Structure formats: structure tokens, C-alpha cells
1. Say R0 is 30 Å: what FRET efficiency, to the nearest 0.05, do residue 128 and residue 155 get from their beta-carbon distance?
2. Exceeding 31 Å between C-alpha atoms, which entries from my cross-link table qualify? They are 79/162; 157/213; 44/157; 73/176.
3. Give the residues of the stretch 181-215 whose amide nitrogen is closer than 19 Å to a point set 7 Å from the Cα of residue 144 in the direction of its Cβ.
4. Counting other beta carbons within 10 Å of each Cβ, put 117, 23 in order, fewest first.
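Nothing in this text is a laboratory measurement; each read-out follows from the coordinates by a stated rule. Computed from a prediction, not measured in an experiment: that's the story for all the values here. Glycine gets a Cβ as well: all are built from the backbone with ideal geometry, and neighbour counts include every protein chain shown.
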Amino acid sequence: MKIGKKIIIWFLYFLLIPLTFIMASLILSFITIDRIVHDENPEKLIYLSTNGVHLDIVIPVENIDSLVLSGLKYNRSEKYLSFGWGDENFYINTPTWGDLTFNNAFSAMFLKSSTLMHITRYQTERSDWIEIKVNESELQKLNSYLLNTFELNQKGKKVILKNKGYSSADDFYKSKGSYSCFNTCNSWVNTGFKESGLTSCLWTPFDFGLMNKYE
């Protein structure tokens with residue numbers, strides 16, 4: 001009986017860890033960091049996009065700083081670029097949810113690993129994007145955040161992974177930082193909004209945390 005009780009207690013402790021994480025994540029996701037008010041009128045546009053799990057920041061090319069654009073693959077017919085950040089192994093080896101494996105998921109969430117910026121190019125605006133108006137100061141801060149996420153080579157150039165995109169309209173670039181359950185693709189977007197003075201969550205690992213602030 002004593003062994004049985006110990007097994008049950010240890011099982012409950014083990015179960016408590018993910019439950020605590022989920023509860024804390026939900027609570028912190030619903031705590032709002034209000035937008036920093038400026039005198040400037042918000043006349044520029046950015047967008048939030050999600051595939052149901054993963055958030056991207058979408059920006060019209062005309063609103064992207066030249067330093068951010070430098071070294072990125074795009075052409076004149078492509079009017080919007082989306083920026084996503086995540087675990088390199090997960091990005092490359094899990095192009096669809098059908099390719100998801102336990103090892104890839106565990107490695108991304110709990111082991112230190114390299115990361116990538118995922119840039120997707122669009123010719124037209126998508127109806128499922130959430131439009132957000134920002135002022136010039138907020139836009140500049142967001143551009144700086146994006147620029148500082150890219151890892152540069154010794155020549156100060158962005159590093160593209162050749163022939164690793166999912167289609168002809170997207171590419172991967174080396175980036176800074178390490179992905180984890182505490183620093184997810186969605187918390188990366190949320191941090192960018194927070195540092196830009198935009199409405200954000202106190203912290204969130206989920207896409208709906210930030211999406212709910214703008215829907």
C-alpha cells in the first residue's frame with residue numbers, strides 16, 4: 001500500500017506541472033498591457049495572422065524599414081511580408097501538423113536549440129488578417145525589433161537557408177534566441193508588440209492571447 005500511495009503521489013506531482021503551466025499561461029494571457037498613448041495619429045497598417053496555433057506579424061512592404069528589407073528575398077509584385085519566429089528543427093522538419101513527432105515537439109519545448117525567422121510573401125491582403133493601425137513611432141520600434149531578431153553573418157548580412165521554404169513564396173533566415181515553452185513563437189510576437197508600445201499580454205505562449213486583444 002505504501003508503494004502504491006507513493007506512486008499515486010508522484011503521479012499527481014507530475015500531473016501538476018503541466019496543469020500549473022497551463023493555468024498560469026491562461027491567467028497571464030488575459031492580463032492586458034495597455035497601449036502607450038502618443039500624440040501621433042495611427043495612420044500606418046500592420047496585421048496579425050495565425051494558422052490556428054502560430055502567430056505572424058504581417059507588414060506592407062512600404063511600411064518595412066529598408067534595413068529590415070535588406071537581404072530579404074522578394075519582388076515588386078509582393079506587397080506584404082509576414083514575419084514569424086520559431087525553433088529551427090521544428091520549422092524544417094514539421095512542415096505540416098501531420099509531420100509532428102514527439103521528439104520534435106519535446107526538443108522545441110524543452111531543449112536549447114537554434115531558431116529561424118520565417119518570411120512569407122503575399123501579393124494581396126488576406127481576409128483573415130487582423131488589421132491594426134499604428135503610428136510612426138510604434139512602427140519604427142516594431143521594425144527595430146524585427147531587425148534585431150535576425151542573426152547576421154560576419155559581413156553583417158542576413159543568412160538565408162536556401163531551398164528550405166515550404167513553397168516558392170516563403171524562406172527561412174537564421175535568427176537569434178532559443179525557443180522553449182516559455183519563449184514560443186507567439187510570445188515572440190507578443191514581446192514585439194509590448195516593446196513597440198502596442199496593446200499586448202503580460203505574457204502568453206498561445207496565439208489567442210494576443211488575437212483576443214484585437215478582435
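1. Values: r = 38 Å, r/R0 = 1.27.
That pair, residue 128 with residue 155, gives E of 0.20.
2. On the way: 79/162 22 Å; 157/213 35 Å; 44/157 28 Å; 73/176 19 Å.
In this structure, 157/213 lie more than 31 Å apart at Cα.
3. 188-200
4. Values: 117 24, 23 10.
Least crowded to most crowded, the residues run 23, 117.
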